[in-house]
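See below for the structure under consideration.
The values are calculated or read from the model by the stated rules, or taken from the named source; none is laboratory data. Remember, predicted model here, so these are calculated numbers, not experimental data. Using ideal geometry, Cβ is built from the backbone for each residue, glycine included, and neighbour counts are taken over all protein chains shown.
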Amino acid sequence: MKRIGILLFLASMPAFAASPLTKLDQQFQSIRKNPPELYAFLYRMPKGGDLHNHLIGAVYAESMIKAAAEDSLCIDKDTFSLTRPPTGGHCQIDASRAETDNALFSPLIDSLSMRDYEPGRESPPDHFFNTFNKFAAVFSRHNGDFVAEVVRRAAEQNESYLELMALVGAGPISELGKRVGFGGNFEETAAKLRAGGIADLVTGLRGQVDQMEQQRITDLGCQAKPDSAPCQVRVRYIFQVLREFPKEQVFAQVFAGFLLANSDPRVVAINFVQPEHGLTAMRDYHLHMRMIDYLHRQYPRVHIALHAGELASGLVPPEDLRFHIREAIEVGHAERIGHGVSIMYENDALGLLRMMKQRHIPVEINLTSNDLILGVRGADHPLPVYRKYGVPVVLSTDDEGVSRTHLTQEYQRAVLTYNLTYPDLKSIVRNSIEYSFLPPAEKAHLRADLAKRFERFEQSY
Ligand SMILES: [Zn+2]
């Protein structure tokens, strides 16, 4: 009785009456089932970082078409893709025509993204992943401009950090891997790759980062206005290994990724990309994890995030749903899991969830992407299960351009579908800084900055 009396007394004190947060939480309750009002709230809310964002998929098709027109590229009308002109020849259709002709522009946008996707000729995953080939011709010259576009969009939505997956080991690195081959011995193959000049190719990758960063700074005018919101968004890069390549090329890429991230603080981690359900990705999964294991032992400071469990029942045989996430953690040393959709199909799923909680391994949740590619949405998505078992989660965009989404929309979708409260959102936002791959001092800076942003946001309500 005495204890209850004290509690009643404390509750009656002004300091314990409705604090700004409680008021805001109540306000949030009143709008959280109203999509437009909720959107406006979430758009302004600080969102920390986007930790799962592929640059190539983050660019909207409209920007690709503009860049293609600038570069005098062509439109292939059979596939509705952007292509280089034939050697010594001219385009049948100039890409610039799409800028003035809606009969070209509109189907091109649909072809380069998931907008108005109609099931039929291609499955959803095929259409999604095929878009990357349809605009690949645009990329090399515009990487920096595209980084600026993504950063600008992040700043508008009150984001403060981006880990962009923006570098790949296709081209000379994979070529070197092909020449060197892979006999099954990691040590020997690594020695041959060194002798073949992999270090120089890694220097070339650093040059790509220089270029992207310079262009970003120029496009955003950061030299003149370093305090502007886009210039305050911190950007780091993640090296992507193309998992559908032959094993000798994958090993060269993983090696290059570790060398790069070990030597350039702007590159914070490696990841594996391309469809996890692809032929080679499935066949070589164990081998890929062992490659990472080997290189992790050589370069233990390099962070590792892995796409694992971007799978659904029926997409692959049931046996193949049973081990990817666990193996990514136990063999591949993944510190973060991308997607993790098939978690409940894993062997000893509950044990795995407990292990992820205990080891603080977060899941990068990409709701729109999972819906569009895997057809997993609503009650079928494991987001609530992760939360129930105390596994940290972050919300991210995956490929916001191809999916025609953005981070605010991912938060909106999470709230509408899973009834999240304002404190739930705040803890997810905080996770996006806590589980970033930044060194401790930089993380502390962003943590403090996020607290200030929340304070300003909450005071404005
Ligand atoms: Zn992804």
Residue list for segment 269-287, filter: within 16 Å of the ligand (Cβ to nearest atom) and closer than 17 Å to H333 by Cα: A269, I270, N271, F272, V273
Scanning segment 249-276 residue by residue, the ones that are more than 14 Å from R236 (Cβ to Cβ) and either among the basic types (K, R) or surrounded by fewer than 20 Cβ atoms within 10 Å (Cβ to Cβ) (or both) total 3
For segment 321-341, which positions are in contact (Cβ under 8 Å) with a residue 40 or more places away in the chain, under 17 Å from I365 (Cα atoms) and out of contact with any Gly (no Cβ under 8 Å at 6 or more places or on another chain)? E335, R336, G338
Would you pick out the residues in segment 432-445 that are in a helix (DSSP H, G or I) and surrounded by fewer than 20 Cβ atoms within 10 Å (Cβ to Cβ)? E434, P440, A441, E442, K443, A444, H445
For the subset of segment 143-191 comprising residues that are among the small types (G, A, S) and not in a helix (DSSP H, G or I), which member is farthest from K247 (Cα to Cα)? S160
Are any residues in segment 344-372 of a type in the set (A, V, I, L, M, F, W, C), free of Cβ contacts under 8 Å to residues at least 40 places away in the same chain and surrounded by fewer than 18 Cβ atoms within 10 Å (Cβ to Cβ), and if so, which ones? L350, M355
Can you tell me which of L306, L321 is aliphatic (A, V, I, L, M), buried (at least 19 other Cβ atoms within 10 Å of the Cβ) and under 19 Å from the mean Cα position of the chain (by Cα)? L306
Pairs, first in the same structural domain as P172 (by TED's automatic domain parsing) in segment 206-232, second assigned to a loop (DSSP other than H, G, I, E, B) and not charged (D, E, K, R), C-beta under 7 Å, six or more apart: I217/Q223; C231/C222
Which of the numbered conditions does T405 fail, given that it passes all the others? Conditions: (1) within 16 Å of the ligand (Cβ to nearest atom); (2) under 28 Å from R326 (Cα atoms). (2)
Check whether at least one residue in segment 164-171 is over 29 Å from P439 (Cα atoms), without any contact (Cβ under 8 Å) to a residue 60 or more places away in the chain and surrounded by fewer than 23 Cβ atoms within 10 Å (Cβ to Cβ), and report yes or no. yes
